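Taking it in order: structure first as structure tokens, then the write-up.
Nothing in this text is a laboratory measurement; each read-out follows from the coordinates by a stated rule. What you see is a predicted model; the values in this text were computed from it and never measured. Glycine gets a Cβ as well: all are built from the backbone with ideal geometry, and neighbour counts include every protein chain shown.
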Amino acid sequence: MTYRRRSSPLHAARAGVGSLYCVVLAGVALSFEHPLILVALLLAVLLAAAGAQVLGPVARSLLWGLPFALVIAAVNALVVRDGLTVIARFGELPPLGQIDVTLEATAYGGVLALRALIVIACFALHSAAVDPDELLRAFRRLSFRSALTAALATRMVPVLARDARRFRDAQRCRPGPPASRLALARAVTSGALDRAVDVAATLEVRGYGGSGRPARRVRPWSRHDLAFAVSAAALAALGAAAALGGWKTFEAYPRLVVPFGGAELALSAALCLVALLPFADRRGVGSR
């Protein structure tokens, strides 16, 4: 999952605002348990990815995370003993005792799995649509060298991964037993240190650090910055209002209660609408 520049409102917004939007969207998903609301939030994330023209990478991340979500659901169904409606009995297992799978534990495991998928989708959207270099540059006021170091480190990770694959292929061509992972890690680390020295020398030759901290460029807020900032604030407000107001209609234990009414439909529609409204304005998406 890597960032690619696209002509979309989310790409046109500044990185800090886009990051806040994705993080708040994931946080709102963690604050609700009703399946209808969670499905609406997952749909909102997928539609936001389509609006940002990164639906393919986000969908692939969801497919990658689907086995983990299924494991979460299965573990909750097998381990949790709460619930009154037994749907399967697997007998006695010495480490775990009597295994009785209840409908309530299975349903709540599905809720946890759905939450995990939404969080994966939100951060996949973050990785694909938020410029990491601009996000790191936001920390230059705290420590310019640390921001540069982090930026260089993220760029070095794919290079080091390719080095590790080349070393492993070379070791397979040699007779005898293959090298251990420790030896391979030691070789890659040595190469990383050599690369770091070369990069440091290059930066010194180019005058890095000789003229002090670079001048700060003041960039005015665009309509896309304001739209995503307001959307993130509205999403947070909806989540906080629902939590502080005691709005909780979904009950998993001891008996499953999943009401579907006007309140749930209205909140689901409001969350989707607030999350997707910033994508309606496509003016100026080709500029930053």
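So how far apart, in nm, are the two label points at V79 and L63 if each is 7 Å from Cα heading toward Cβ?
Label-label distance for V79 and L63, simple model: 2.9 nm.
With label points built 7 Å along Cα→Cβ from the Cα atoms of L70 and L47, find their separation and express it in nm.
Each label point lies 7 Å from its Cα, and together they span 2.9 nm.
Under a plain spin-label model, where a point goes 7 Å from the Cα along Cα-to-Cβ, how far apart in nm are L55 and R172?
Distance between label points: 3.8 nm.
Hey, what do the phi angles of the stretch 227-232 turn into as Karplus ³J(HN,Hα) couplings, whole Hz, using 6.51/-1.76/1.60 and θ = phi - 60°, x for Gly and Pro?
5, 6, 5, 5, 4, 4
Can you give me the pair-distance distribution of the stretch 1-138, C-alpha pairs, 5 Å bins, whole percents?
2, 11, 17, 18, 15, 11, 9, 7, 5, 4, 2, 0
Please give the contour-minus-distance gain from A269 to V86: 0.36 nm per residue of separation, less the Cα-Cα distance, rounded to one decimal in nm.
Once the chain is fully extended between A269 and V86, it gains 62.5 nm.
List, in order, the whole-Hz ³J(HN,Hα) value for each residue of the stretch 38-55 obtained from phi through the Karplus relation with A = 6.51, B = -1.76, C = 1.60 and θ = phi - 60°; use x for Gly and Pro.
Going residue by residue, I get 5, 5, 5, 5, 5, 4, 5, 5, 5, 5, 5, 5, 5, x, 8, 6, 10, 5 Hz, with x marking Gly and Pro.
Could you please state, rounded to a whole Å, how far the C-alpha centre of the stretch 10-31 is from the C-alpha centre of the stretch 36-111?
Spelled out, the Cα-based centre of one part sits 24 Å from the other.
Which order, highest average first, do 264-276, 73-85, 119-131 follow once you tally other Cβ atoms within 10 Å for each residue and take the mean per peptide?
Highest mean packing first, the order is 119-131, 264-276, 73-85.
Sorted by mean Cβ packing within 10 Å, highest first, what order do the peptides 8-16, 229-237, 32-40 take?
Ranked from most to least packed, the peptides come out as 8-16, 32-40, 229-237.
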